[in-house]
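The values are calculated or read from the model by the stated rules, or taken from the named source; none is laboratory data. Remember, predicted model here, so these are calculated numbers, not experimental data. In this analysis, Cβ positions are derived from the backbone assuming ideal geometry, glycine residues included, and neighbour counts consider all displayed protein chains. Note: areas computed on protein heavy atoms with side chains; ligands, DNA, RNA excluded. Shrake-Rupley method; radii C 1.70, N 1.55, O 1.52, S 1.80 Å.
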Amino acid sequence: AEMEWMSEWISMFLALGWIGAVGIIFLEAFVPMLPLVALVMLVVALYGAAGFFYVWLGMASGSFCLFLLLRFLSKHLSFDRRFGYHGSLGLLVVLSFVPFLPTFLITALFALSSVSWQCFLLLSICARGFVGFLFATFGVSFLQMQNHPFLFLIALLLIAAFAGFAHVLKRRFLD
């Protein structure tokens, strides 16, 4: 019964066209138990290459809006910002580019940090684009990677390249 409800709900969103596709991915930032990989593959299957951009827009805008909401709540509920510009923030930047980590948790930690909203917006655009690209490109192929190690190698190289890019962003904006 629970799966039927979720299936109907997703169908309702996707009936709204590309706005619904962006909206369902956007909503995943606030409801982390939604199956992001399945939603990304569904949107990309329905909209092709444009689906990747819908996924990217939904993921980046969802993360950023969640960041702003949590930052607003942290100011009004008097949370201390425990993370400075060194150490733990650098790790969070790198973790932002890892595909299967909960983005809700990473976004919440950034919101409770001292990082500026401009820096988080740039990071969110880059990291969510990368993660969306990996899910859209390799999500269907994850089960096939055992038969095609070349796909696995490409995925590892992309992760390493974007980890290097994250390190450059960290040095440029956080050090």
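Just a few scattered comments:
- Residue count, region 32-77 (criterion: aliphatic (A, V, I, L, M) and either farther than 17 Å from Ala111 by Cα or in contact with a Cys (Cβ under 6 Å, 6 or more places away or on another chain) (or both)): 17
- Scanning region 14-46 for residues that are open to solvent by less than 80 Å² (accessible area, probe 1.4 Å) and over 19 Å from the mean Cα position of the chain (by Cα) gives Leu14, Gly17.
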